[in-house]
Amino acid sequence: MAGDLRHRKIIRAALGNYEIARDKRKASFQSWESARQLAAETKWDALNHLDKYLVEFTAKIEARGTKVHWASTAAQAREIILQIVREKNAKSIIKSKAMTAEEIHLNDALEHAGLNVVENDLGEFIVQLRHEAPYHIVFPSMHLTRDEIRDLFQREFGSGTGILPVSSSEKELGKKPETHGQDARATTFSNDPEELTMIARRVLRKKFLTADIGITGANFAIAETGMISITENEGNARLTAALPKTMVTLLGIEKVLPLLEDLALFLPLLATSGTGQALTCYNTMYGGPRQPGEFDGPEEYHVVLLDNRRTELLADPEQRDALHCIRCGACLNVCPIFRNVGGHTYGTTYSGPIGSVITPHLRGLQDWKHLSFSSSLCGACSETCPVKIDLAHHLLQNRRNASAEKPSFIWRTGFRIFSFIFNRPGLYKLIGPLGRIGQKLHPLVKGTRLDPAYSWTKTREAPKIAPQTFKEYWRERK
Ligand code: SF4
C-alpha cells in the first residue's frame, strides 16, 4: 500500500484541508494546552471511579424507563442485541456510525440472522456498499475520490432504479420532487458532492421510515444526568433515534464522563481534533424512551454497556490511560505510517497509533504486537492527542511486554533457523542464489496454501531479492 502513490495523494489532500481547519480552531481556544490537561484529568477521574460513575449513570437512565444491559464480551453484546431484535420481530435495522459495533462485528451477526442492516452515516453507507470496513475512525470513506463514489452510486442506484440525478433547484431542502418510480433508464449521476449526498439521502430516507430498530453508538455517557451524548454532522443519528419504535445504543464502558458540564470541554475538544470544527452540527442528548407528552423518540430504549477486555486494560496501571481515548482520530491524521499505508492495512477496527496501542489488549498481544513494532516512534501522536495519551510511550511498552512474553513456536523456530544460518558463512553464501531461484518459482504457488510465505503474501507483496549481494557487488568493484 505504501507504494500506491495515488492513494497517498488522496489521503494527503484530504488531511491537508483538515490540518488547516484544526489549527485555526485550536487557536481559538484561550489555551489549548490547558484544555488538554483538564480533559486528561477529567478522564483520569472518570476511569479511576468508573465503578461509581457507571452505577450512577445506570440508575439515572433506568429511572426514565431505559433497559440497561451489561456485556462482558463481544459475543454477549451481539447476543443481547439479537435477542432484542427477535423479541421485536424486527426485519430491518438502521444503524448510525458506531465503531463499537464494528468492534463486535455486529453487522455480520445481524445479516447472518437474515436482517436487512443499513448504515446511515454517509461515509459508512459508502463503505458498506463497497463491502469494506471503515477506513478511518472519523472519515470512513476518506480513501475514495468523488469519481469513485459517483461510479459506485451509478452502479447501485443508476439506471432502472428510479433515483434520478438531482437538479440544482432540488438541492434546497423541501423543494425536491419525489422521483421514485419514474423511468430512469438514462440516469447519469455527476460527481458533485451535493448531488451525491442528495442521492444517498433519498435512498436512506426510505430506510429510516421503514426501519423497525435503530442502533447507534455514543460519544459520551453522562453519569450525573444518566444521558447519552451523540455528536455528529449529518443528523442521521437523530433520525435513527426518532423514527424507529425501538432504539439501541451500544457503547464501551469507558465512555462515561462524571458531569454534564464536562461536555462544555469535551464537545469542542472532540470537534476541533476530529474534524477541525468549533462544534459539530448536531449535538444531542438521549435520556430514555419517549416520555408522556413528548412527540417523538423511541417507545423502547436499550443501552448496551460493553466491556470486551476494557477492564483488563483498566487493571494495567501503566497503560490504563489508553481508555481515555475519545476516538477523535487526530493521532491517525498525524501519523506518518497511517498516512502512507492507510487504515485498511492495519486489519483492525481501530487503526493508527491508538489502534496499535489498544488492539493487542483487546485481541491478544502475541497476535497483534506487530502493530506496535510498525511505528517510527516520532511522537506526533502523543503531541496531538487532545486527552494527552502518551501513545508513543505505550507503543514502546507494548514492544517490551511482547518481548518479555514467551515467544510462539513459529517465532522461536524462525529465529533458530536464522541464527543457525547466520553463524555458518558457507551456508549464508548460498542464501542469495537460492533465494533468487525461489523467487522465480514463487508465482507458481503464490497465494495458495503451498506458498511457504502464505501468511505474509496473502496480504502483502514479498520483498524482491536484490540481483546481487553486497559482497558480490564489492568484489565486482574490486
Ligand atoms: S488516542 Fe487521542 S488522538 Fe488518538 S483517537 Fe484517541 S483521543 Fe484522538
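Structure notes:
- Remark: relative contact order (the chain) = 18 percent; criterion is Cα-Cα distance under 8 angstrom and separation of 6 or more residues.
- Nitroxide proxy distance, nm - points 7 Å out along Cα→Cβ at Phe295 and His370: 5.6
- Other residues within the sphere of radius under 12 Å centred on the Cβ of Thr100, judged by their own Cβ, net out at +2 (K and R +1, D and E -1).
- Among beta bridges that DSSP assigns inside the chain, antiparallel share in %, nearest 5: 25
- A Förster distance of 51 Å, applied to the separation of the beta-carbon atoms of Arg12 and Thr284, puts the FRET efficiency at 0.95.
- Extension gain, Arg449 to Ile417, is 9.4 nm, computed as 0.36 nm per intervening residue step minus the present C-alpha separation.
- Entries of Lys406/Lys458; Lys52/Lys207; Lys67/Lys206 with Cα pairs more than 30 Å apart: Lys52/Lys207
- For the pair Phe470 and Glu156, a Förster radius of 51 Å applied to the C-beta separation gives a FRET efficiency near 0.45, rounded to the nearest 0.05.
- Extending 7 Å from Cα along the Cβ direction at Asp45 and again at Gln277 yields two label points whose distance is 2.8 nm.
- Compared with the direct C-alpha span, the chain from Leu396 to Thr225 gains 57.7 nm at full extension, assuming 0.36 nm per residue.
- Neighbour-limited loop hits for chymotrypsin sites (Phe, Trp or Tyr not before Pro), the range 230-334 (at most 13 other Cβ within 10 Å; DSSP other than H, G, I, E, B): Phe295
- Loop GluC sites (Glu not before Pro), the range 281-363 (other Cβ atoms within 10 Å of the site Cβ: 13 or fewer; DSSP): Glu294, Glu299, Glu318
- Net lengthening on full extension, Leu441/Ser190 (0.36 nm per residue, minus Cα-Cα): 85.7 nm
- FRET efficiency, Leu377 to Glu62 (Cβ-Cβ, R0 35 Å, nearest 0.05): 0.20
- For the range 1-101, size of Cβ-based charge dipole, Lys and Arg +1, Asp and Glu -1, in debye: 640
- Backbone N atoms of the range 99-122 closer than 19 Å to the 7 Å Cα→Cβ label point of Arg363 belong to residues 99-110.
- Residues whose amide H falls under 5 Å from that of Gly252, counting only those 5 or more places apart or on a different chain, are Leu306, with hydrogens built in the peptide plane.
- Nitroxide proxy distance, nm - points 7 Å out along Cα→Cβ at Asp23 and Asn340: 2.2
Every number here is computed from the coordinates shown, using simple stated rules; none is lab data. Everything numeric here is computed off the predicted structure, so don't read it as measured data. When we count neighbours, we look across all protein chains shown, and the Cβ atoms used for this are built from the backbone with ideal geometry, even at glycine.
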